[in-house]
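Take a look at the structure set out below.
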Amino acid sequence: MSYCLNLNCPKPQNLPGATFCSTCGTKMLLKDRYRATDFLGAGGMGRNFLAIDEDTPSKKRCVIKQFSPHPDIVSNPTAFEKAVELFNREAAMLDRLGDESAQIPRLLAYLEQDKRLYFVQEFIDGQNLLKELEEKGIYKEAQIYQLLNDLLPVLKFIHERDVIHRDIKPENIMRRQNGQLVLIDFGISKELSGTVSSLGTTVGTLGYAPPEQMTYGVAYPASDIYALGVTCIHLMTNVCPDKLFNPQENRWLWRNVLASNNIDISQQLENILEKMLKTDLGERYKSVDEIVKDLNPIMVGIWYGEFDNAPASLTITDQLGNSFSGVLTVQYSKGLSRIEIKGNLDHKTNNLNIKEIRVLSEPERGVWVLGKNKGQLSSNKKQISGTGEGYSSYSWSFSKAGENDEIWYGEFENYPATLFIHRHSDEYFDGTLAAFHSNGLTYVAIQGNVNIKTNQVTIQEDSMLPQSRSFDWTLGKNRGIMSLDGKKMIGKGHAPPLKPYWWSFSKEDMNSFS
């Protein structure tokens, strides 16, 4: 079907290949290229049409936006001028942002035809989150985490380009068929001037827009964060925002609604949403990075310790609600083994499970099977320990590496070895060397220095540690060099009466797996 774009046409439906409307005679193609095929709906400033691009072999679908404001706006010169500004602004925003982000529709054309403004944008094959809520029901906690992790990057993207959306709500978030979220409707978005934008008039959707936007007509990046928070509680409760806030008591009621429906969420998510929804701008999150920091604070990072009586590290690269994933690295006597893992953490009990996804590397095939692993996260969130079942039962324990902790894997005197070190400064560090010596696994407390001018490294023994399986070993004197990027070091040692030996290590890095 072809659809006539004339507002006054009494019968806009036409045959698929029509050149002119059979009722009013209006030209059917926009810019001799875009054909409207169906009417999608109308808003305060325009009408939207599903369309096809006749210039493409596959007749790609797109969306035509026609500037046709409400008669009340047309009759008010000031309001009409503002409406034209907002329509032009949306086209400009899509032109500026859409080509850089797959989560923002691309602008395909901007034109005037028959004395009316139009722009054509990318068609998003999917539905908005309000429709999704109506069809599939309320969002669970894991879905809210997924929403935040999917949408926060595009919010950060526009804020870094000094753009505030100012109308985030379920209707303006589309989900493509492949699951990707897309932020639409930049009609009232605003470029920042310094740290604040001001129209002098209030815009936004009542219930979603924060007080500073609705009362004073100003908006900050934190204003979009507030609206995203409201979107989350709407999706979790299926209750409109105006019924989730008590203006007399100046407080949100969404937690009461969840409780009345016997829905329980983690304290972590509750704290994040509470801070997103603060009516006081000074108490709210100021940036997306602040939310991300609180969103994945528990498991993400490098953990070091032992796994099945061998030095090991657990590099957690991603956490989404209760689920986390990463890489387990174990330094066995035969060499380094790496396993991609996934796990689940119960935020209430601190119980966790870890399972193998696939083997990334092994020194000898079949040397190790992860099996089933159950453990416990400590109350201070800094230690985990547990047991597993593979070829036999085993235990494991890890401590979370701090900002100045480092893990290095390599060889020492031709034996597999691991360095767990803590940097006290750019030049001084101490820690533990674990090496599979000929008589068993040996742990040595070490001290070290790095000459920041020459990158020369010195390592010396402090003491043999009691957990060592072998005590027939002396570290001796060790000198080496660190690479300029700080990720590798190689050196030579001598422990008389033994012969000199070589050693080399590579630093375990989050960026290697994220």
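The values are calculated or read from the model by the stated rules, or taken from the named source; none is laboratory data. On a predicted model such as this, the values are computed, not experimentally measured, just so you know. With ideal geometry, Cβ positions are generated from the backbone for all residues, glycine too; neighbour counts draw on all protein chains shown. Areas reflect the complete protein model, heavy atoms only, side chains present, ligands, DNA and RNA absent. Shrake-Rupley method; radii C 1.70, N 1.55, O 1.52, S 1.80 Å.
Sort all Cα-Cα distances of the range 242-302 into consecutive 5 angstrom bins from zero, then give the percent of pairs in each bin up to the one containing the longest distance.
4, 15, 22, 22, 18, 13, 5, 2, 1, 0
Distance between the C-alpha centers of the range 253-269 and the range 289-315? Whole Å please.
28
How far, in nm, would the chain grow between LYS382 and ASN8 when pulled straight, counting 0.36 nm per residue and subtracting the alpha carbon separation? Let's see the in-between values first.
Values: separation 374, 0.36 × 374 = 134.64 nm, distance 6.81 nm.
Extra length from LYS382 to ASN8 when fully extended: 127.8 nm.
Just subtract the alpha-carbon distance of ASN455 and LEU484 from 0.36 nm times their residue separation and send over the number in nm, one decimal. All intermediate terms of the calculation are to be shown ahead of the outcome.
Values: separation 29, 0.36 × 29 = 10.44 nm, distance 0.75 nm.
Fully extending the segment from ASN455 to LEU484 adds 9.7 nm.
Summarise the long-distance tail of P(r) for the chain by giving the % of C-alpha pairs beyond 42 Å.
40
For a label point 7 Å from the Cα of PHE80 along Cα→C-beta, name the residues of the range 117-160 whose backbone N is under 17 Å from it.
It comes to 117-118, nothing else.
Accessible area per residue, 1.4 Å probe, Å², for the range 231-316: what's the number?
Values: 3820 Å² over 86 residues.
Heavy-atom SASA per residue in the range 231-316 reads 44 Å².
For the range 428-495 and the range 115-151, write down the distance between their C-alpha centroids in whole Å.
Going from one Cα centre to the other spans 55 Å.
Working only with C-alpha atoms, what are the Rg and Dmax values of the range 63-108, expressed in angstrom?
For the range 63-108, the Cα-based Rg and Dmax read 12.9, 38 Å.
Rank-order 429-442, 216-229 by packing density, defined as the average count of other C-beta atoms within 10 Å over each peptide's residues, highest first. Write down the numbers at each step before the final one.
Working: 429-442: 19.9, 216-229: 22.9.
Ranked by mean Cβ neighbours within 10 Å, highest first: 216-229, 429-442.
Quick one: in the range 291-408, what % of C-alpha pairs are over 22 Å apart?
Values: 1911 of 6903 pairs.
Roughly 28 percent, once rounded to a whole number.
Post the alpha-carbon centroid distance, the range 349-423 to the range 46-78, in whole angstrom.
So the two Cα centres are separated by 57 Å.
Stokes-Einstein D for the range 224-367 at 10 °C, 1.306 mPa s, Kirkwood Rh over Cα pairs, in µm²/s? Let's see the in-between values first.
Values: Rh = 18.0 Å.
Rounded, D is 88 µm²/s.
With a 1.4 Å probe and every protein chain kept in, tell me what percent of the accessible surface of the range 292-422 is carbon plus sulfur. If you can, show how the numbers build up before the last one.
On the way: 2660 of 5970 Å².
That share works out to 45 percent.
Using a probe radius of 1.4 Å on heavy atoms only, what accessible surface per residue do you get for the range 41-167? Whole Å² is fine. List each step's numbers first, then the result.
Working: 6020 Å² over 127 residues.
That works out to 47 Å² for each residue.
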